[in-house]
Amino acid sequence: MSFRTKTILRSVVLFLILLFPNIYACFVASDLSSLVKVMVYMAVVCIGMIIPMLFLRRRTYFIVCGMLWLFCAPIEMASLYLNHNPATATFVGLFYATNYHEVIGILSVAWPLLIGVMAVWIIYFVLASRQPNEWIIPRKTGIWSVGPCLSVLLAGSMLFFSSYAKKVNNIQDRKEAIALAKNLTLMKFYKIFPYNIYLNAFSVASDHYQARRTQEQLAPFRFGISSDNRFPEIYILVIGEAARSGNCSINGYERETNPRLARRTNLLSFPNMYSQAGTTEQSVPHMISRIPITRHKQCYLEKTLPEAFQEAGFQTVWLSNQSRILSFERILSTADIRYETGKDMSVTNNYDEYLLAPLQNAFKSGMKKQFIVVHTMGSHWRYDTRYPNSFEQYTPSLGKDFTWSMITPANRQQLLNAYDNTILYTDYFLDSLLTTVENQHIPALVLYTSDHGENLYDDERNLVLHGNYSASKWLFHVPFIVWYSDEYAQLYPNKIAQLHTHKDIRDNSSVIFHSLMDAAGLQYNNNTVSNAEMHTRSIFSNEYCMPDTLYVLTAEEECIALEE
């Protein structure tokens, strides 16, 4: 065999080793569900591999690429195996947060796999070191061939996402559509190995740095809160995702989407409640802040509801089935117990019921007083991936052959059917969670609401999904449910009476901070002004005052009055 043939064969083997995580992704990644997606994915990967060839000779190229590709390949392979999706910021963050002893423990169990990985690395670098240090492709030829291919890919991606922006986000302005298309195009690189590892690692490190910096600035901050209660008690805030109040049968919807919750005692639904913003990143921080949405820029200048309970002696727990979001990082970092599923929104088998076991574990921690946040995936797009097949009650809905071209007003009924199935599954999840809490047999209260609603081609504007630049009542009208244990009702009969009195109020999620504080009997020490404010904004208080006007934050961070 000639030297040239050996060089080519070694190069083929080296390329296959480098590309193995990408090839594996083509078979298991839920995002790559069609041949077209696989072809575009591999085209981007291959062009990304060709570009360094213009600047590096063969041996140097394979050694450098090996160091960049292979050392992070196990992370990608683990995510693909566990989640059927490329590594996300949340998944990479799990490695960032893992301590030395946990790493040693994992490696001691997975030592056969570790030996296999090391063997592949050794084979790769031995073969790479034997490559001649010549140009793989002539630089001029490469520039003339790669340039047009890259331009076509970028242009095609921009064209597709600008069309998507006009259809889904109802953006008619050309500049806004192009800006969104650019951001969506760049986001795709967060799902392509190896770029996703480095981009997400940078994102996680940046988030942690910003969280530490903000936490240092807020360290001296105190609410001045205390609790005189000495008995065990549990307060839980369940944050839903993209749920619409109007699609809940407990609020009068014609379809029976809440059969389990409807049969429960000690449960109240507030049918006229609204979120304060149309995206998760905007809504949740304000949901757990006492700063009103009209002063939204000051939201991050003081601590949050979990930290207020922590100051009063409660153990705080944050359980999340959501992807990592920068605005939450500091808040999550303060929790005594923090659990994240590490899965991305596009994972097909990522169900909220997976949070029930960590919730049980939190109850076993031995702490008598707990404040818990359960952040669910709820009804986030894609709807058909939010529930198991057993909850496919309303049909026809979206199937595995889904394509983005199906998001049209003509397919509204299919979208609605799949969406209502997510509400039905949320009913099951909440009922299961309440049973788990109920079995603790101590004073407990659970408040559930959604971060925002959802558009489903409800009017002539043809708005769909959320995050739209146009505000709508469907985007902000959310379910708001309160459940309490028998033990809580015996302890606080007056608060329960006031809760029933305020069932039909028209308000928004700004009541959560003050209501849960009041529900737990927390008080500001020597601060009559703050205590008065708490009682006027608490649905458990006889001093509650309903606001004349509700305000919401648009996607452009403009605070506007919510229309009746």
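Only one residue in 254, 302 is in contact with a Phe, Trp or Tyr (Cβ under 6 Å, 6 or more places away or on another chain) and more than 18 Å from residue 482 (Cβ to Cβ), so which one is that?
The match here is 302.
Which of the helices (runs of 4 or more DSSP H) contained wholly in the stretch 1-78 include at least 3 residues that are over 22 Å from residue 187 (Cβ atoms) and touching a residue at least 60 places away in the same chain (Cβ under 8 Å)?
Values: elements: 3-28, 35-50, 58-70.
Where helices (runs of 4 or more DSSP H) fall fully within the stretch 1-78 and carry at least 3 residues being over 22 Å from residue 187 (Cβ atoms) and touching a residue at least 60 places away in the same chain (Cβ under 8 Å), they are 3-28, 58-70.
Conditions (1) touching a helix residue (DSSP H, G or I) at 6+ places or on another chain (Cβ under 6 Å); (2) at pLDDT 85 or above; (3) within 26 Å of residue 88 (Cβ to Cβ), marked per residue:
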| residue | (1), (2), (3) |
| --- | --- |
| 1 | no, no, no |
| 7 | no, yes, no |
| 43 | no, no, yes |
| 55 | no, no, no |
| 69 | yes, yes, yes |
Worksheet item: List pairs: first in the stretch 353-371 and crowded, with 19+ Cβ neighbours inside 10 Å, second part of a helix (DSSP H, G or I) and among the aromatic types (Phe, Trp, Tyr), Cβ under 7 Å, 6+ apart or cross-chain?
Response: 371/309
Fill in: Matching residues in the stretch 521-550 - criterion: being at pLDDT 95 or above and of a type in the set (Gly, Ala, Ser)
538, 541
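In this structure, does residue 509 turn out to be within 30 Å of the chain's Cα centre (by Cα), modelled with pLDDT under 95 and in the same structural domain as residue 237 (by TED's automatic domain parsing)? Full working, then the answer.
Numbers: within 30 Å of the chain's Cα centre (by Cα): yes; modelled with pLDDT under 95: no; in the same structural domain as residue 237 (by TED's automatic domain parsing): yes.
Judged against the criteria, residue 509 is not a match.
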Discussion item. When you check residue 277 against the structure, is it buried (at least 20 other Cβ atoms within 10 Å of the Cβ) and of a type outside the set (D, E, K, R), yes or no?
Written reply: yes
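The values are calculated or read from the model by the stated rules, or taken from the named source; none is laboratory data. Note that the structure is a prediction, hence the values are computed from the model and not measured. A quick note on method: Cβ atoms are made from the backbone with ideal geometry, for glycine too, and the neighbour counts reach across all protein chains shown.
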